[in-house]
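First the structure, in the form of structure tokens, and then the observations on it.
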């Protein structure tokens with residue numbers, strides 16, 4: 001049972017001091033979670049701390065690989081709308 | 001200061017009807033503030049409009065983490081072509097930041113102010129922020145320290161800020177009503193949980209107001225920043241202005257929303273527009289009855305270095321500062337001399353323009369009623385007109401009327417980079433510049449080329465290079481007198497210029 005940080009993390013440090021298990025590593029190109037240390041905050045917090053403060057959608061996954069903050073959940077931008085805007089920018 | 005009254009028999013009349021900056025004391029728009037506050041801000045470019053012509057500031061990006069989400073912000077850090085808050089090229093450790101500040105202070109002696117403004121929220125990174133301040137207050141005691149925050153974590157660190165001699169704090173307050181706030185803030189992180197919606201906003205507002213009160217009670221100077229979001233908080237900001245003034249904030253800075261789809265922000269992607277120059281000015285004027293308004297903000301990056309509106313950060317990358325050997329005691333002495341020279345120049349400019357403003361006051365009584373005029377100014381600093389029209393990346397906008405010249409705001413020529421491939425649309429740079437100057441009837445610069453001269457005139461804007469190297473407000477007043485003497489200010493604004501406004 002451990003979370004993982006994947007590509008897309010912007011290395012903002014917000015999660016690092018909150019982790020009750022010191023499982024977050026300031027690695028390059030992006031931060032990582034030490035799976036041996038991560039407890040998913042069980043016993044320490046009701047809600048996982050790293051995923052609770054992370055500002056970027058889709059970069060912290062649970063042990064099944066499912067994002068804790070799915071697309072649209074933090075920014076409020078509907079994913080289809082974001083995709084359309086990005087496609088328009090690409091097409092210019 | 002002794003004033004020369006040029007128009008005889010109008011001793012008291014010369015002062016009648018003067019607005020913020022008219023009549024003798026002129027360049028000092030903060031003249032009505034208590035002496036101890038003026039002493040604190042007289043060389044602070046962000047708190048004093050007049051000071052920003054002479055002094056520089058820098059931000060160090062030591063604070064990447066944030067504890068709230070704003071709809072105008074996206075947490076990406078690395079676009080060197082963008083100038084907006086929340087964007088930086090590299091995040092520094094406190095030790096690296098201190099080294100950079102010392103290097104900049106030695107090389108840009110007019111830099112008086114160090115601010116920590118992000119790219120996240122400085123107080124959501126209390127260890128990194130306070131360590132930087134603690135080191136600097138020991139090693140560089142001649143630099144003013146400032147912090148800018150969203151206010152959520154402010155109450156719990158107020159006393160520590162005071163302990164480190166931080167006497168200027170900026171709080172971004174976009175609303176005092178949670179029903180407005182839910183359209184601006186999707187969530188906050190509070191006591192170990194992400195709190196979404198109205199509940200989170202209510203906590204944020206409560207913390208902001210509490211922090212403001214605590215700072216004021218401790219004698220800290222507080223500026224309030226608000227982002228003007230048309231249709232969301234535009235009318236509401238008048239209420240914000242009244243509330244924060246009543247609680248003791250001394251300056252209110254209403255800034256335009258920056259929103260482009262390329263930024264990937266909620267507002268950018270969802271098509272929320274920013275305000276026009278006119279909407280911004282109208283709101284600032286509406287708030288000005290109650291509150292000192294800041295109008296010269298450049299919405300700097302969290303790692304900006306130099307005079308407001310300029311960014312010399314590339315001269316002070318980590319790699320470059322590594323090779324700089326600095327004797328700060330020596331640098332401090334040099335800085336002291338440079339500051340003394342700047343103050344002597346400012347005093348001379350103030351004396352000179354005092355005379356101009358008494359003479360501008362005489363126009364009204366000798367001529368017909370003349371209307372107010374907006375003028376654009378190209379300057380690289382020093383408080384004088386000293387920039388070639390074609391080199392200007394921004395223009396300062398002044399309004400002159402029969403008794404007074406007042407600073408209105410700043411307009412950037414290249415409005416915030418919209419990404420590599422989007423820059424080459426059909427509109428030429430000159431046409432864009434002219435559109436940026438909409439509503440202005442004259443532009444003062446040191447020099448101007450033949451082609452822009454013709455196009456500006458065609459657009460109803462009079463180019464003027466005859467006041468090069470003169471103090472700005474004096475030159476604006478002089479040009480106003482020239483236009484008045486030519487009888488051009490008795491009729492309404494020409495249709496071509498009005499249409500563009």
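Quick note: the coordinates plus some simple rules give every number you see, no bench work behind them. These numbers were taken from a predicted model, which means no experiment stands behind them. Every residue, glycine among them, receives a Cβ derived from its backbone with ideal geometry; neighbour counts consider all protein chains shown.
See the values below:
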| read-out | value |
| --- | --- |
| Fewest-first sequence of B:123, B:318 by Cβ atoms within 10 Å of each Cβ | B:318, B:123 |
| Sequence of B:270, B:307 once ranked by neighbouring C-beta atoms within 10 Å, starting from the fewest | B:270, B:307 |
| Relative contact order (%) - chain A, alpha-carbon pairs under 8 angstrom, separation at least six | 28 percent |
| Inter-chain shielding of B:115-121 (mean C-beta neighbours from other protein chains, 10 Å cut-off) | 1 |
| Where only alpha carbons of the range B:129-245 are counted, the Rg and the Dmax (Å) | 15.3, 47 |
| Förster radius 41 Å - calculated FRET efficiency between residue B:343 and residue B:458, Cβ distance, rounded to 0.05 | 0.45 |
| For peptides B:90-96, B:253-259, sequence by mean Cβ density within 10 Å, most packed first | B:253-259, B:90-96 |
| Approximate spin-label separation residue B:431-residue B:218, in nm, with each point projected 7 Å along Cα-to-Cβ | 5.4 nm |
| Full-stretch length increase - residue B:235, residue B:391 - with 0.36 nm per residue and alpha-carbon distance subtracted | 52.5 nm |
| Distance in nm between pseudo-label sites at residue A:28 and residue B:206 (7 Å out along the Cβ direction from Cα) | 4.4 nm |
| Cα-based equivalent ellipsoid of chain A: semi-axis lengths in Å, sorted from largest, via gyration tensor | 27, 14, 11 |
| Relative exposure of B:222, B:243, judged by other C-beta atoms within 10 Å (fewest first) | B:243, B:222 |
| Label-point separation, residue A:90 to residue B:90 (7 Å along Cα→Cβ), nm | 3.2 nm |
| Peptide-level mean, for B:339-350, of C-beta atoms on other protein chains within 10 Å | 0 |
